[in-house]
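Participant: Here you go, one structure.
The values are calculated or read from the model by the stated rules, or taken from the named source; none is laboratory data. What you see is a predicted model, and the numbers here were worked out from it, not measured in a lab. All Cβ positions, even for glycine, are placed from backbone atoms using ideal geometry, and neighbour counts span all protein chains on display. Heads up: the accessible areas ignore ligands, DNA and RNA and are worked out on the full protein's heavy atoms, side chains in. Shrake-Rupley method; radii C 1.70, N 1.55, O 1.52, S 1.80 Å.
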Amino acid sequence: MRAAAFTDLIGPDGVSIVERPDPDPGPGEAVVDVDACAINRHDLWILEGDSAMVSTEELPFVSGLDVAGVVRAVGDGSHVEPGDRVVLCPNETCGTCRFCREGPENLCAAFSLYHGGLAESAVVSADRLVSLPDSVDTTTAAALPTAYMTAYHMLRRADVEPGDLVFVPGATGGVGVACVQLADVLGARTIGTSSSSSKLARLDDLGLDHAVQETDPDTIRAAVASVGKPDAVLNHLGGPYTRVGLDVMRRGGRMIVCGRTAGSSSEIDVPDLFLGHKRVEGSTMGTQRDLERLVDLVAAGDFSPEIDATYSLSETGAAFAAMAERESVGKLVVTTDD
């Protein structure tokens, strides 16, 4: 089978198409013939050598978390059958700790993520596969696991309710778009930022209520204040935007942080934090139940994940180049149809 492997950790030019043996499933595993696999900034960080998860000694490395396709073969003890259309929840957990037993599973002390979807076939844990109804195609499903599962879990952690005002800095990235769309599904209002007017215009049709074309933290602070005090901030950027989010949200507001795209450290006003009874929480991915709920919402027609472009497996390097250049709005998906 073919795979789009990272053969050098230098960015998009480090992707090569390689041949690998067809996988066989072990006990509790399934082999999925991959129709589509979305890419994420997590993959790009690995490809750029900006992740401690993968070193040069592990090359060639096949990344890809968001797998959707058709089950080809199963091992003993698998609950799925050949021919099933599925999407993978990429969470990897120990299965025995307190959080695996009682939930939420993404707090597992040994939490990790699946890699291997940027290939024609992938061997996965069968109990992490979510069945797809006929109304949800595999390309659409591949857009859901990382970005939309992360956004949905953030909204739940922030206790967002109908009528709430939600601030989403960096609203045109994969997680940002997902936050805007899912907040709209919940009946919340949103403020989103971007440097691009054309990208923000695309969010109008996806439910964004207030667009702020700006990247300067001070200007964003003033623009958000002119709209109102957000009940919640969904922050996938980190860096200086953490301070902005804390400054603008209401007393008792909630900020959920899931990323570091704009920086891995933030400065905060500690008195404002405790005097304002504000809450800041970290969040990583979501739960398999979150993914199941998202599939149900798509099947019901409540929303459809925004897919900016699809690329063939041989064009995986170009897909990462587009991500690195921040050209896209929403998800980029690699398909195995060449």
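Participant: Could you estimate the translational diffusion coefficient of the chain from the Stokes-Einstein equation, with Rh from the Kirkwood formula over C-alpha pairs, at 10 °C and 1.306 mPa s, in whole µm²/s?
Facilitator: 78
Participant: Which lysines, if any, have their Cα less than 19 Å from the Cα of residue 199, not counting same-chain residues under 8 positions apart?
Facilitator: Leaving aside lysines fewer than 8 places away in the same chain, those within reach of residue 199 are 331.
Participant: According to the square roots a ≥ b ≥ c of the eigenvalues of the Cα gyration tensor, what is the shape class of segment 213-252, taking rounded for a/c under 1.5, prolate for a/b larger than b/c otherwise, and oblate for the remainder? Display every interim value, and only then the final one.
Facilitator: On the way: a/c = 1.89, a/b = 1.12, b/c = 1.68.
Because a/c hits 1.5 or more and a/b fails to exceed b/c, segment 213-252 counts as oblate.
Participant: Before I look further, what does segment 1-76 give for accessible area per residue, probe 1.4 Å, in whole square angstrom? Could you put the intermediate results ahead of the total?
Facilitator: Details: 3160 Å² over 76 residues.
Heavy-atom accessible area per residue stands at 42 Å².
Participant: Which lysines, on any chain, are close to residue 229 with Cα under 21 Å apart, when same-chain ones fewer than 8 places away are left out?
Facilitator: Hits, sequence-local ones excluded: 278.
Participant: Which of the three applies to segment 236-338, rounded, prolate or oblate, going by the alpha-carbon gyration tensor with a ≥ b ≥ c and a/c under 1.5 meaning rounded?
Facilitator: It is oblate, given that a/c is not under 1.5 and a/b is not larger than b/c.
Participant: Would you mind calculating the relative contact order of segment 1-151 from Cα pairs under 8 angstrom and at least 6 residues apart, reporting the percent as a whole number?
Facilitator: 30
Participant: How big is the equivalent ellipsoid of segment 177-285 along its three axes, where each semi-axis is √(5λ) from the Cα gyration tensor, reported in whole Å from largest to smallest?
Facilitator: Semi-axes (√(5λ), whole Å): 21, 15, 14.
Participant: For the chain, give the magnitude of the charge dipole about the Cα centre (Cβ charges: +1 Lys/Arg, -1 Asp/Glu; no others), in debye to the nearest 20.
Facilitator: Dipole size: approximately 1340 debye.
Participant: Toward the positive end of the charge dipole of segment 195-338, about the Cα centre and with charges on Cβ (Lys, Arg +1; Asp, Glu -1), which of 245, 323, 215 goes farthest?
Facilitator: Projecting each Cα onto the dipole axis, the largest value belongs to 245.
Participant: For the chain, with all protein chains present and a 1.4 Å probe, just round the carbon and sulfur fraction of the accessible area to a whole percent.
Facilitator: Answer for the chain: carbon and sulfur cover 46 percent of the accessible area.
Participant: Using helices alone, what [θ] at 222 nm do you get for the chain, with -39,500 (n - 2.57) per DSSP H run of 4 or more residues, divided over all residues and rounded to the nearest 500?
Facilitator: Computed ellipticity for the chain at 222 nm equals -7500 deg cm²/dmol.
Participant: How much accessible area per residue does segment 130-198 have, counting only protein heavy atoms and a probe of 1.4 Å, in square angstrom? Write down the numbers at each step before the final one.
Facilitator: Numbers: 1910 Å² over 69 residues.
Per-residue value: 28 Å².
Participant: In debye, nearest 20, what is the charge dipole magnitude of segment 228-287 about its Cα centre with +1 on Lys and Arg Cβ and -1 on Asp and Glu Cβ, if you could check?
Facilitator: 160
Participant: Also, I was wondering about something else. Sort segment 58-128 into rounded, prolate or oblate with this rule: let a ≥ b ≥ c be the square roots of the eigenvalues of the Cα gyration tensor; rounded if a/c is under 1.5, and if a/c is not under 1.5, prolate when a/b is larger than b/c, oblate otherwise.
Facilitator: oblate
Participant: Right, next: Equivalent ellipsoid semi-axes for segment 177-219, as square roots of 5 times the alpha carbon gyration tensor eigenvalues: give them largest first, rounded to whole Å.
Facilitator: They are 19, 11, 7 Å, listed from largest to smallest.
Participant: For the chain, what's the relative contact order in percent, using C-alpha pairs closer than 8 Å and at least 6 residues apart?
Facilitator: 19
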